[in-house]
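One structure is given here, and the rest of the page talks about it.
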Amino acid sequence: MSMTTFSLEFIRHNLNVDQLHFVPAKKGHVFKLGKPVGLFVVNSRHAFKEVESLFKKMNFELGDV
């Protein structure tokens with residue numbers, strides 16, 4: 001696995017965990033925005049959709065996180 005792929009999966013997983021567990025419970029966010037991960041800087045929670053579209057372009061099968 002390349003560092004780019006790992007970084008994208010790290011971002012995808014952490015944003016998903018925030019959305020599923022912390023946002024509905026109003027406990028804040030674990031994954032802080034403006035966080036650099038590898039070559040990427042996550043400035044928006046909408047990054048989840050961008051990461052998934054990049055994975056689809058690379059022909060990765062995405063499971064539930």
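The values are calculated or read from the model by the stated rules, or taken from the named source; none is laboratory data. Computed from a prediction, not measured in an experiment: that's the story for all the values here. Cβ placement follows ideal geometry from the backbone for every residue including glycine, while neighbour counts extend to all protein chains displayed.
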Failed item, numbered, when L39 is tested on (1) more than 19 Å from F6 (Cα to Cα); (2) modelled with pLDDT of 80 or more:
(1)
Go over the candidates E9, E61 one by one and state the one that is part of a helix (DSSP H, G or I), among the acidic types (D, E) and either modelled with pLDDT of 85 or more or loosely packed, with under 11 Cβ neighbours inside 10 Å (or both).
E9
